[in-house]
Amino acid sequence: MTDIPQVAIELAKRFEGFCRVPKNDPRAHPYICPAGFWTIGYGHLCDQSHPPITPAEGEAYLAQDMQAALNATLRFCPVLASEPDARLGAIVDFTFNLGSGRLQTSTLRRRINQRDWAGVAFELRRWVYGGGRVLAGLVARREAECRLIDPT
């Protein structure tokens, strides 16, 4: 069993953040993310009636979600099992962020399995839309992933 690359966890934490609303409460409450989904903690999808969670509960959700993203990534892109952790981590973060269905049906998947790293970076940069518009946070996230795919 492959461990979740630390870089994937760091990317998710950096770009998701542990969203505390209201700010005076140390717990996280459900909120609607920029793409229009009910979310809690570090980007965990939930129902709007989900009870508030502590940072420790947020970490537990993140670990579960990242494990699912890792499993899906390796199922659809088996070549990543023999690539550096940075490459694997970048795609695990993508899968965590957008879901395994998006990876499964994407040209990105084909480019990864062809080991076309320049093509992978090109495809990643296309996934910057949320709610029908370009989101600055997704642009920054995809660029961070691209630096891990092809650090040259």
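Each reported figure results from applying straightforward, stated rules to the coordinates on display, with no laboratory input. Remember, predicted model here, so these are calculated numbers, not experimental data. FYI the Cβ positions are ideal-geometry reconstructions off the backbone, even for glycines, and counts take in every protein chain you see.
Each Lys or Arg adds one and each Asp or Glu subtracts one; over the other residues with Cβ under 14 Å from the Cβ of Leu135, this totals +3. Spin-label model, Lys23 to Glu57: label points 7 Å out along the Cα-to-beta-carbon direction sit 2.3 nm apart. Net charge of the neighbourhood of Thr54, taken over other residues with C-beta under 15 Å away and scored Lys/Arg +1, Asp/Glu -1, is -1. Legend: calculated FRET efficiency, Asp47 to Glu143, from the Cβ-Cβ distance at R0 = 30 Å, rounded to 0.05, equals 0.40.
Figure the gain on full extension for Arg75 and Ala35 (residue separation times 0.36 nm, minus the Cα-Cα span) and round it to one decimal in nm.
11.8 nm
Extending 7 Å from Cα along the Cβ direction at Ala136 and again at Ala68 yields two label points whose distance is 3.1 nm. Taking the fewest neighbouring Cβ atoms within 10 Å as the starting point, the ordered list for Leu138, Leu70 is Leu138, Leu70.
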